[in-house]
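The values are calculated or read from the model by the stated rules, or taken from the named source; none is laboratory data. Values in this document were obtained by computation on a predicted structure and should not be read as measured data. Backbone-built Cβ (ideal geometry, glycine too); neighbour counts: all protein chains shown.
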Amino acid sequence: MVPAFANIRVPDRLRFRSVAILLVAALGGVMLVGSARQAAAQKQSGRVVSDAKYTAPYDAFMKMNRLQEEFTKGQTAGEYWGFLESRLGNQAGRILVKRPAKGFGDDAFRGWLMFVRAYGDATGIGNCTACHTLPDFTDHEKHNIGTAKEPVDTPSLRDLGKKKSFFHDGSAKSLEQAITRHVDNGQIARDNKRAGVEIEVGHIALTEDEVRQVAAFLRSLESVDRAKFREHLVDVVVQPVELEFSE
Ligand code: HEC
C-alpha cells in the first residue's frame, strides 16, 4: 500500500526554501550553543575571580594550570613536591605550563619551582613549604630557623612588598638577605652546631642566583584588585618547564 501523501507534490522552489530555512535554523542553533558556551565560560571565570581567596599573580598561575593550591590535611612538603613533580613530568613531550604575562616572569616561575622543591640532588631546593605552607604561606606555628634562641612565629610570605626589614628583630634588610639567612643557617642545622635549629632548614640548598629567583617569586605574592586579577587570568603566555637544577 502506498501512503496517501505520497502523491502530494512539493513545488521545487518551496523545497529549496525549506532547505534554506532549515540551514539557517541549524546555523543559528550552532551559534546559540556557541554563545551559550562562551557565556558559561565567562560566568565560570567570573566565579573563579569572585570566589578567589587570594588574588596575587601567583594565584592566577595556580588556577590557570589547575594546580593544587592547598595542602591536604597532614600533607608534607615532600609529598606535595613529589605529587607536583610527577604531575609536571608526566606530560608527554616538552613540558609547558601557562603563566600570567605580567607579574609572574621567568625568574618568578623558576623561583616557584625551587620554593616548593623539597628534595633532590644538588641545589635548587627551597623546602620552603615545610613551614610556609600553602595557601597561607605559613603553617601558623613557631619554628627555630636560627634567628633567635627560641622558636618564633612563622610569618606569611604574602604581601611583603611594603616591608623595609624582615624577621622578628628586623635584622634582614631585603628579601634576598632573609632567604640567604635561611640558607646559611642550614649549615648550622646540618652540623647540629646550635641546638634547636630545625633540620628542615638544613634541607635548603640554594645558590646566590637561585636566592634571587626565589625572591622574584615572593614578589609575585602581592594581591591585586579583582579586575586586575581577571587580567592576570586572561593575559597568558606559555612557559617551558625545566626540571634540571644546577650543581
Ligand atoms: C623550618 C621552618 C622554615 C623553613 C623551612 C623556611 N622558613 Fe622562612 N621563616 C620561618 C620563620 C620561623 C621565620 C621568622 C623568623 C624570625 O622572625 O626571626 C621565617 C621568616 C621568613 C621571611 C621573612 C618574612 C618577614 O616578614 O619577616 C622570609 C622572606 C622567609 N622566611 C622566606 C623563606 C623561604 C624563601 C624559604 C625557603 C627557601 C623559607 N623561608 C623556609 C620558618 C621557615
Within segment 157-172, can you find the residues that are more than 8 Å from the ligand (Cβ to nearest atom) and touching a helix residue (DSSP H, G or I) at 6+ places or on another chain (Cβ under 8 Å)?
ARG158, ASP159, GLY161
Does LEU22 qualify as being under 21 Å from GLN213 (Cβ atoms) and at pLDDT below 95?
no
Condition (residue is within 22 Å of LEU113 (Cβ to Cβ), in the same structural domain as ASN127 (by TED's automatic domain parsing), hydroxyl-bearing (Ser, Thr, Tyr) and near the ligand (Cβ under 9 Å from one of its atoms)) applied to segment 195-210: is it met by at least one residue?
no
Residues ASP159, ASP153, ASP107, ASP136: which one is under 23 Å from GLU231 (Cα atoms) and without any contact (Cβ under 8 Å) to a residue 60 or more places away in the chain?
ASP136
Could you tell me whether any residue of segment 181-188 is in contact with a strand residue (DSSP E or B) (Cβ under 8 Å, 6 or more places away or on another chain), modelled with pLDDT of 95 or more and either in the same structural domain as THR123 (by TED's automatic domain parsing) or within 23 Å of GLY111 (Cβ to Cβ) (or both)?
yes
Hey, among the residues in segment 147-156 that are within 7 Å of the ligand (Cβ to nearest atom) and within 26 Å of the chain's Cα centre (by Cα), which one's surrounded by the fewest Cβ atoms within 10 Å (Cβ to Cβ)?
ASP153
Here the residues within segment 218-247 that are among the polar types (S, T, N, Q) and over 14 Å from the mean Cα position of the chain (by Cα) are SER246
Taking segment 59-118 only, how many residues are part of a loop (DSSP other than H, G, I, E, B) and of a type in the set (Phe, Trp, Tyr)?
2
Is it true that some residue in segment 193-204 is within 30 Å of GLN42 (Cβ to Cβ), of a type in the set (A, V, I, L, M, F, W, C) and not in a helix (DSSP H, G or I)?
no
If ALA195 passes every condition in (1) in contact with a helix residue (DSSP H, G or I) (Cβ under 9 Å, 6 or more places away or on another chain); (2) among the hydrophobic types (A, V, I, L, M, F, W, C); (3) more than 20 Å from PHE217 (Cβ to Cβ) but one, which one does it miss?
(1)
